[in-house]
Amino acid sequence: MLINCENVSFIRDKQPILQHINWQMNDHENWAILGLNGSGKTTLLKLITGYDWPSSGKLTVLGETFGKTSIPDLKKKIGWVSSDLKQRIKPYDVAENIVLSGKFASIVIWEKTTEKDEKQAIESLIRCGGKALIGKKYGVMSQGQQQIVLIARALMAKPELLIFDEPCNGLDLFARQFMLEKIDHIAQEKQPKGLIFVTHYIEEIPASFDHILLIKDGKIFAKGLKSDVLTPDLLTRFYDNSIEVIKLPDNRLTITPKSSK
């Protein structure tokens, strides 16, 4: 089992952010987490990746129970692509050094690296479609190029769990499509034991993500197979508005407000 949340809650400044989360993610499952702003999606990710700590409940990630394991070592087994991470990278850092930092789950490289490490970082960048980015500074890259670098960084340590936190934010139509295709390809390779994709938008969920977790107001609203969760009736209650589910050509879904006529 990759993740096991048993009655996990998180409180900040006496305000409940997550309440009584019970959720399991098994090996070789790909989960999409869906919710509106403020629903608790990012907080759940920060708990999973060890950047925050549960206020109550039991959290086990990759077989390691929080409070009984080394969080720095656990972080090295998790690849994370997020806007939070993007903001912490210096604009003068070059692409391959950013990728290399992924081996150590850090932003700045504090540990000694080898020629083999440096070669591996370049290979990871090329594999993700970033050959033209070698030697390029982060601050002059487009948002799509920055995301390519972050994906290569996340894959650098050969993670057991790979997390994409709203990876399409700020991307134009074509960069978004490229990004979704890249994520779908990674999911089909099954190199990490499991992937998590967090988004506001159902149409962004890649076809290879077959499990859905809906979060609303800090609580789990629904969880399970995509076919069981992404239904008109359930989503109408989730959004508090009547909606229709529409199938897209590439085996993805989208929703639209239901006509009142």
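Under the rule a/c < 1.5 gives rounded, and otherwise a/b versus b/c splits prolate from oblate, where does the chain land using the Cα gyration tensor? The shape class here is oblate.
Relative to the longest principal axis of the Cα atoms of the chain, helix 115-127 runs at roughly 40 degrees. Here segment 89-158 was treated as a single set of alpha-carbon atoms; its pair distances binned every 5 Å from 0 give 3, 21, 34, 26, 13, 2 percent. Axis of helix 143-156 versus longest Cα principal axis of the chain: the two differ by about 80°, to the nearest ten degrees. Of the trypsin sites (Lys or Arg not before Pro) found in segment 34-135, those that fall in a DSSP loop while having at most 13 other beta-carbon atoms within 10 Å are LYS68, ARG88, LYS112.
What is the log10 of I(q)/I(0) for segment 74-124, computed with the Debye formula using one identical point scatterer on each Cα and no solvent, at q = 0.12, 0.21, 0.24, 0.32 Å⁻¹? Log10 of I(q)/I(0), two decimals: -0.25, -0.79, -1.02, -1.42.
Note on the chain: antiparallel DSSP beta bridges, both residues inside, total approximately 60 percent of the bridges counted.
Note on segment 116-185 and segment 194-222: Cα centroid distance 21 Å, given to the nearest whole angstrom.
Near THR69: Cβ cut-off under 13 Å, other residues only, Lys/Arg at +1 and Asp/Glu at -1. The net charge is +3. Entry note, the chain: relative contact order of 23 percent, from Cα contacts under 8 Å with a spacing of 6+ residues.
Computed from the coordinates by the stated procedures, all read-outs in this text should not be read as laboratory data. Predicted model only: the values in this text are computed from it and were never measured. Here Cβ is always computed from backbone atoms with ideal geometry, including for glycine, and neighbour counts include all displayed protein chains.
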